[in-house]
1. Can you name the number of the only condition in (1) closer than 30 Å to B:L152 by Cβ; (2) surrounded by fewer than 21 Cβ atoms within 10 Å (Cβ to Cβ) that B:K75 fails?
2. So is A:E148 surrounded by fewer than 24 Cβ atoms within 10 Å (Cβ to Cβ) and at pLDDT below 90 or not?
3. Do you know which of the residues in segment A:52-79 that are charged (D, E, K, R) and buried (at least 22 other Cβ atoms within 10 Å of the Cβ) is nearest to A:P113 (Cα to Cα)?
4. So, B:V382, is that one aliphatic (A, V, I, L, M) and within 30 Å of B:I548 (Cα to Cα) or not?
5. Among strands (runs of 3 or more DSSP E) lying entirely in segment B:194-290, which contain 2 or more residues that are touching a strand residue (DSSP E or B) at 6+ places or on another chain (Cβ under 8 Å), farther than 23 Å from A:P113 by Cα and among the aromatic types (F, W, Y)?
6. Could you tell me whether any residue of segment B:21-29 is under 26 Å from B:V229 (Cβ atoms), of a type in the set (D, E), out of contact with any Phe, Trp or Tyr (no Cβ under 7 Å at 6 or more places or on another chain) and within 12 Å of another protein chain (Cβ to nearest Cβ)?
7. Could you please find all residues in segment A:107-146 being charged (D, E, K, R), more than 10 Å from chain B (Cβ to nearest Cβ) and in contact with a helix residue (DSSP H, G or I) (Cβ under 9 Å, 6 or more places away or on another chain)?
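The values are calculated or read from the model by the stated rules, or taken from the named source; none is laboratory data. The structure displayed is predicted, hence computed values, not measured ones. Quick reminder, even Gly has a Cβ in these numbers, built from the backbone with ideal geometry, and neighbours come from all protein chains shown.
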Amino acid sequence: MQQKSLSVFTVAFFTAILVFGQTEDLHDLLKGELKTQFEELSKKSTPAYFMSYRVADEHAFIAQGAFGSLTQLKKDEGRTLNVDVRVGSYEQDHSGGASNHQGMGGFGAMRLPLNDSPEAIRQAVWLAADLKYKTAMQAFLMRDKSEEQQKKDFTRAEPTQYLEKPKTYQISQETINEWSEAITGWSSIFKEHKDLVEGSVSVRFTWGTYYFLSTEGADIRQNQSNAEIQIAASIRSEDGNIIPLHKSYFAADLWNLPAYEEVATDIEEMTEKLLQLQNAPLAEPYAGPAIFSGGASGVFFHEIFGHRIEADRLTKNDDAQTFKDKIGKRILPKFLNVTCDPTLQSIEGEYLSGTYTYDDQGVKSQKVTLVENGILKDFLRSRKPLFTGEKSNGHARAQAGLTPMSRQSNLLVTSSNQVSDEKLRKALIKVCKKQKREFGLFIEQVAGGYTMTNRYTPNAFHINPTVVYKVYTDGRPDELVRGVDLIGTPLTMFSEIEATGTQRETFYGYCGAESGYVPVTATSPAIFVGKIETQKKPEVNIDSPILTEPN
Amino acid sequence: MLKLYTVLTLLLTSGIIAYGQSDTDQVIMRAMQDEIERNMADLQLEDYEKPFYVSYLLSDLKKLTIQATLGGLMKSSLDSTRSWTNRVMVGNYAINDEKYEDPGINFESSGNYFNELPIDNNYDGIRRVLWLATNDVYKSAAKLYASKRELLDLIEVDSLPLPDFSKEPVINHLNFDRLQLPDQQQMEAQVLDLSQVFSGKPNFIQPMVSLHVLGGLVYFASSEETIAVFPVQMCLLSVNTQYLSQNNEFTNQSYYAFPKPEDLASELPALKEDLITFRDAIIAQDELETYEDLYFGPVMLKGSVVADFFTNNLLNRGSRSILASPTSLVKQETQQVKEQLEKLEKELTKPGPVVAHRSLQVRALPTLSGYKGMSVAGSFQVDAEGTIPPDTVTLIENGKIVEQLNGRTPAPLAPKSNGHMRLQIGYGLNIYKSLAPGVLEIQSDLSTAKDTYSVLKETAENNGLNHALSISALPLAHGYSTMVAVSKLDFDTETRTPVRLTAINLNSSNALMKLLATSPNQQLTNKLLGMGGSGLPISIIAPEEIVIDGFDYDNSPQQGYGNRNYSPSLPLPNK
């Protein structure tokens, strides 16, 4: 079962020193080894026709606290090598046809030393390449080469040289102290509320230099960084259910995260919301109209739409291939446009975390128009074509150590049918009245979701709303409810989108799929959906502790 | 400011301040004691009994880990973690909720999913963690005890053949002697230097030199008023490597040493000699002829191989092990419960089983800190249940088990604790309890008879063999290795020929009965139970040489040690 999930994560700020400059040795060593190894492997009786090295030289600073205490403080670093060796030819190689997509995977990942020790690096590269070649060669020999093949197994990429200067950061003791103090300060706000079972704040800053070298002439070195603050709190309701809320802040580095006061205010608001949720009634299963806030709508599009336009998955026979044959056809309402743009650094001044210059197969990132006026125009493509003649559009992505495949970056939903929030609300009430409903739903916040795209399980999605209101038709104030899970199937849901709001919101997350976790964003206006379906959340009944909290 | 004032007040009135205590020690101990006191006084579920015992075990540890291969630094980290376990019992020493299984009662959680101990000295934060942990364990314990009482009442039993928890002396053991970890950068340089022992030897595949230095304090407090604070420290240098032989066969080999952490800077360079010996022995083995015959006969073991032989065959034998295995009462039909109790009654009357040759004596010497000028890595002063072990525990006498190593959960051959519920530290610096020896001394009066070579020869010849095999540990000055040297001793020519065996298995259910001879000289081997950085150091004092009968060798390459063939497609690098 393939399950793609989006989870909420977060980031941080303050002082540290940016440091430029690192020796070129790793780069030079990789270049030399790639040449030597390819010369050797291309002479084999079952020759390699392509090789690449991908190295992630990553660093992290992590701090975490709960209820006014510091619970974790660490710095981490690691270098991960991924070797790809392809056997056969671009037209027909070991990665196989539709039934053997994951033939690309197998061995090939290896830890590299943190320093540029030539001997240690050479041996790790040798072992990774040797193992990878063997896996590929055996797969190629076992492949039925007589099968009819209409498209290539792998497309060429332009030879590219793009070398950013390696960039790193020194996290000083002063910075560590500042962050420790901030975290204990923020998380101590949760101590005021005795029914909270979780009240934690974490800060994570990751940065790295990413190398991609190939026998086609790719020579790429780019820097990336991501900082996040994550707030997570849960409260125990009267019936023992645990109700969670999360909030995240993302930025390119620690120094661009929100100020202390802003986060502290949000924590106060979050605890206030939790206290309201604690006494909120449990929602009954519902089928009817709803409004999704921009953030909730972003998750909705990421899960329901985004994972179904990732082309690599559509090449597999066991995938439901929802949109495979829909190019040029209407799949969304006429007023909607959807793009995926990894070149976009920010939107209206707001940082986007799904940005990169080159993808993990050495292809320049590019904006892809996926849907125009409701018509499907394109897919997110890696170097494994879905149709004859296609090339990558720079969306092959992977976590360090895993094999890249087509993934989302910065998904952006726009609309030509925008109405004010007030009108959207009126539209909801009007539809409810017409259907003789007492109320509709407003889904304000979601924590993430997942979807399944294979054809052996229901092709359904699941979104995890955390803040949901009943919007009454008779003028009563909106009522906060809890215990709502949003479920459904994609095609039905798309046909029910009736209008959008004007305010855009961005949801940030780490998306998990076959090639691991990658940072993504999904920006969307609020949407009005004619019919959604919800079910009750699973109950987590936990009694209160027998004794009260000490002190 | 108010919070600080409160904490200081508590500390000043605690009455347990001892020499060497830091602020950290005071905050942790006070939090533990206050939470024990509160829970013992007030913790009670309606219709259930209060706890009769609460204890906390809390660690405050730092660990330096450095890994390097071929001059490449693979890891250098300094981690600091606090970890805890707790025990809450309902009932009394004779009958309580432990040693009992009721499938209908599950562990309950109060939702403390993120119950991590603060790494700062936050008194409130520490108490919060202990509060939730105590609550959760108590709820299950109270229900289990009620279920157990109901079951015993049903079969009209008011006492068990063995108590559920042994009463042990209350101790007040305060040792705040915390190990200062060595300088990280200096250690990086030294480990990198050691890793270069394998440079220019391309058949060693990713030879990983790892240094783990762990130090800190462990705090134990119980409602019995036992307070124990004791340092834990472990310093391990290990090498794990694969070697690709001329025949394209991969083998895994390991080396371990326990240098003194306070003298690391001077001890690590000395270990280089060991690594060179280790390296050269692996290379030399590649040149040897494989012993092609089948073999069934006596074998001589030398060096740390002897310690391996005894460790494997003393510890991993279920009820015939020197480790106690207390049995639990399982909730079943009344007749079956009665049968369980009758079986236990019978076991109590049985003498310990004969598990070894009648000449064999085994003693635990847990507090022994030095032996022939060497430090004893398995030595410890207090166990993880707050029990001080006796200096000597006789375990096997004349081949028969007379007592097993145990903690406070009674078993037929260990009705009282002998302080061997040891503290074990996992990879993530989490702590747990594990029944294990610290120091074992193994002696046999067979050493008074003939010399080992004569016994080997005589037994082989009686079996119709003109030769026998000898398995020796590498002659290392400081460490211990899984690498062994095997020789074929030809009695006709009086020659010794090094050979390779594809696999060696010295373990069997009756291996200890096959002892034929032991040398009079004893030697110390420090080794690890378990894996790498999370293993438990133990020390074995055993004869330098032994002869055992019935060694069964089959030259099938599939046996043992995980050897496998690998034919590289690319030439080895760095040649």
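1. So the condition that B:K75 fails would be (1).
2. For A:E148, the condition - surrounded by fewer than 24 Cβ atoms within 10 Å (Cβ to Cβ) and at pLDDT below 90 - is met.
3. For segment A:52-79, the residue satisfying everything is A:R79.
4. no
5. Fully inside segment B:194-290 and qualifying: B:204-222.
6. Scanning segment B:21-29, I find no residue that is under 26 Å from B:V229 (Cβ atoms), of a type in the set (D, E), out of contact with any Phe, Trp or Tyr (no Cβ under 7 Å at 6 or more places or on another chain) and within 12 Å of another protein chain (Cβ to nearest Cβ), so the answer is no.
7. A:R143
Yes/no per residue for (1) out of contact with any Leu (no Cβ under 7 Å at 6 or more places or on another chain); (2) not in a strand (DSSP E or B):
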{"site": "A:D325", "(1), (2)": "yes, yes"}
{"site": "A:T339", "(1), (2)": "no, no"}
{"site": "A:G362", "(1), (2)": "yes, yes"}
{"site": "A:K384", "(1), (2)": "yes, yes"}
{"site": "A:L412", "(1), (2)": "yes, no"}
{"site": "A:R425", "(1), (2)": "yes, yes"}
